[in-house]
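Take a look at the structure set out below.
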Amino acid sequence: MKRHLNQLAEQHFDVLIIGGGIHGAAVAREAAITGLKTALIEQKDFSHATSANSLKILHGGLRYLQDLDFKSMRASIKSQTEFMRIAPDLVVPLGCIIPTYGYGFRGKLPMRIALFINDLMGWDRNYLLDNGHKRGRGKIISKEEYSQIVAFKGDANINGAALWFDALVQDTERLTITLINNAYEYGACIANYVKAGELNVKNNSVVGVYATDSLAGDKFEIRARNVVNATGPWLDNAFKPLLNSNKKELCLARGLNIVIKKRLFKNYGIGLEGSNSGFNNKSILRGKKRFYFFIPWRGHTMIGTAYKLYNKDPDTFRVKRQDIEDFISEVNLIYPPAELTFKDVTYFHAGLLPVAVKNIKNPYDVKLTKRCEVIEHGKRGGPKGLVSIRSVKYTTAPVVAKQVLKTIDVSSETSEKRQTLYDHSRNHNCAGSHIQVSKDKTGKDIAPDLVAYLKSKYGKYADRIQNYIMEDNSLASWISSEPPLLYAEILHAIREEMSIRLSDVVFRRTGFGNAACPSRSKLEALADIMAIELGWTLKQKSDELKSVFRNYHPLTVPENCWK
């Protein structure tokens, strides 16, 4: 996957996607498979914002039952299954548990009915999946079983628990990169660090976008008859003058998840009800209690999600120490055995999401928009060919991508091509889990455990890294054993996946720093390799290291990181 800006400037595209998060990546993949001439640009790096900051759970839609929203429920189930087909090595089943109470709405009988409906709505969820990815039926477990799993008595009214199966994404950033790789394989022209400027409109129809290379400063036009705005929190800022919109369409909330080094629950995602105290020590959180999920992830526990209204520019969004300390206090109220302190938090994931109710008195009493919205601006008095995605859930990106493609004119010939390509792509991606042992140039086998490691992390694209090792077995050396990182992975990230900044490799290609801050010596070793490969000066290398360390602020990181 190469960054060829000349191709962006010289070709004429059927569709240009602006935004390289999960929704932009899903649309690019779907469009390329359809046979449309596709381009995607991202102002920074792929999956650098909200898409990288999910709780790593692909929800199957059980939560929508409380509103009898069967349409959203079905969309979630279909998308969850689609992700498993696309990236079976990255997406795995996860059992989730919430306690049951008394004999009311939260009792065993209502929850048993809900689980039955959930299984009924997902009747085809295991279609074309191997046995390791098939999700079991939901069931009610006893109070004793629940107590053994949670090791905490909690509310005396708890009489058991509901168990169902969702999916865990081992690395949400790599899942986004996988979709982008798929799109590239089917002919999409893709580039990061390219910022969209003004929309070029003629006769009230889109004909392209003026763009700027964020690295070199060069300006050029990308010609396209359809433009998809998948910029997430930046939706309001894109093409604002042209759309004659001075009012803020998108009201945002900050979603915060924390990663802790304690493994609280090893085999299940546990949902526990929040307290009434909220996150503000000076006020009381009113309204419906929110569930917080404790997710076992990469030897750590991820906890979330905490929401708070955010009414500032997305570019100035930062997480403060008080935000994390408030979250810790809430967790200790919900689950006292955790006994969390600030030093237990090794990392955090935060992003901005649209809210449904704008005028709320309590900034913590946030109600998120329930559904993603595909906006056809041509039907609202804007230019024809411009479509915006008001994205909500990471999970439903594949279904949303198909909705977007329905807004773009496709000839019958292209439709036939789409079906052929889609069937081939689906089968091709599902074949990713088979482990083949390769040999290096000396004739020695690449260690099976090394091959298995690469497959679990890169899926079908692991072969590309194995090829580096086959050419030069010194590239099989470990830069770090924990967290694991090979020399070959770094070169692959630079040469094959458009990694330009140190943070691109650390956070979005290898997951090296997504659970905790690696030691300075390990990061410097990584930076040395990138400096040689990309020709950085000593100052550039120093700046790149500082930029990575800033991602961990305000956490306590190893002292030598800051020297």
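The values are calculated or read from the model by the stated rules, or taken from the named source; none is laboratory data. Quick caveat: nothing in here was measured; it's all calculated off a predicted structure. Every residue, glycine among them, receives a Cβ derived from its backbone with ideal geometry; neighbour counts consider all protein chains shown.
Of note:
- In segment 56-68 there is at least one residue matching the filter, namely being modelled with pLDDT of 90 or more, closer than 27 Å to residue 273 by Cβ and assigned to a loop (DSSP other than H, G, I, E, B).
- Exactly one residue among 243, 256 is modelled with pLDDT under 95 and part of a loop (DSSP other than H, G, I, E, B), and that residue is 243.
- Candidates 176, 212: the one that is surrounded by fewer than 24 Cβ atoms within 10 Å (Cβ to Cβ), touching a Lys or Arg at 6+ places or on another chain (Cβ under 9 Å) and at pLDDT 95 or above is 212.
- For the residues 116, 70, 105, the requirement of being out of contact with any Asp or Glu (no Cβ under 8 Å at 6 or more places or on another chain) and not assigned by TED's automatic domain parsing to the domain that holds residue 290 singles out 70.
- Filter result (part of a strand (DSSP E or B), under 30 Å from residue 296 (Cα atoms) and not aliphatic (A, V, I, L, M)) within segment 161-218: 164, 165, 166
- Exactly one residue out of 162, 188, 224 is of a type in the set (A, V, I, L, M), in the same structural domain as residue 103 (by TED's automatic domain parsing), surrounded by 22 or more Cβ atoms within 10 Å (Cβ to Cβ) and in contact (Cβ under 8 Å) with a residue 40 or more places away in the chain: that is 162.
- Residues of segment 72-128 satisfying the condition of being more than 23 Å from residue 297 (Cα to Cα), polar (S, T, N, Q) and in a helix (DSSP H, G or I): 72, 118
- Qualifying residue in segment 361-378 (condition: of a type outside the set (Phe, Trp, Tyr), farther than 30 Å from residue 184 by Cα and either over 26 Å from the mean Cα position of the chain (by Cα) or modelled with pLDDT of 80 or more (or both)): yes
- Test for residue 205: is it surrounded by fewer than 24 Cβ atoms within 10 Å (Cβ to Cβ) and in the same structural domain as residue 23 (by TED's automatic domain parsing): yes
- Among residues of segment 513-526 that are within 15 Å of residue 478 (Cα to Cα), those with a Cβ under 6 angstrom from a residue that is in a loop (DSSP other than H, G, I, E, B), sequence gap 6+ or separate chain, pair up as 519/558.
- Here residue 154 clears all of (1) within 26 Å of residue 259 (Cα to Cα); (2) under 24 Å from the mean Cα position of the chain (by Cα) except the condition numbered (2).
- Residue 145 part of a helix (DSSP H, G or I), among the charged types (D, E, K, R) and buried (at least 23 other Cβ atoms within 10 Å of the Cβ): no
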